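**Q** Please read through the structure below; I'll follow up with questions.
Laboratory data are not the source of any read-out in this text; all were calculated from the coordinates shown. Bear in mind that the values here come from a model prediction, so they are computed numbers and not experimental data. Cβ coordinates were reconstructed from backbone atoms using ideal geometry, including for glycine residues, and neighbour counts include every protein chain displayed.
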Amino acid sequence: MIARTLLLIAGLVAIAGCSAPPSDARYTQPALPDAATFRPVAQLLDVSCGSLDCHGTVARNLRLYGSAGLRWSSTDRPFVPLCDTTAEVDQDYESVVGLEPAAMSAVVSSGGANPDELTMVRKARGVESHKGGQIWTQGDDSDTCLVAWLSGHANSEACASGIASVLLGASTNPLLQCLAQP
């Protein structure tokens, strides 16, 4: 009899633990940066951070696909096709916004007021320990490219300048023609 009573109590506790959320509970969609203006940011991240020994590997939380590193399609090769594919840009976007969705939502919804909330920004600026070291400095073109996009004011000129500063051969590097792609 005691065993039956205990089993009944345990069952009631289990049912109560699995109860539905309150009827007035609401899901709030996180604020995300604009995917439509992400391509120049993706290209900057790919040339700055997407090499096979950095974030161009499936072993990273921030996983970047692009022409100079890890390719999304198994039939693509480095630089063939030369420019990042739409699928690669889409995957990079998902990777970036999936890193810290709550923190990113707070930054985006505040118009980019405090990008230092994001680990990705702190690591790139060298404020937080990063195996790849400091990638750029606060306020330079690469930093402006990322932060402007987060604030909803994409700056493709800063992205292009940031990319050119990283590429060998700068203004003559064939990867710069990829910036003109939609």
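**Q** Regarding the range 81-182, what are the three Cα extents along the principal axes, ordered largest first, in Å?
**A** 37, 27, 25
**Q** Binning every alpha carbon pair distance of the range 32-145 at 10 Å from zero, what are the percents per bin?
**A** For the range 32-145, the binned pair fractions read 14, 47, 32, 6, 0 percent.
**Q** Putting +1 on Lys and Arg Cβ atoms and -1 on Asp and Glu Cβ atoms, find which of A124, N114, Q138 reaches farthest to the positive end of the dipole of the range 109-148.
**A** Farthest along the dipole direction, towards plus: A124.
**Q** So for the range 127-182, what percent of the C-alpha to C-alpha distances run longer than 17 Å?
**A** Roughly 46 percent, once rounded to a whole number.
**Q** Net charge around S161, counting only other residues with Cβ within less than 12 Å of its Cβ (Lys, Arg = +1; Asp, Glu = -1)?
**A** -4
**Q** Going by average Cβ density within 10 Å per residue, which order do the peptides 138-146, 63-71 take, highest to lowest?
**A** The densest-packed peptide leads the list: 63-71, 138-146.
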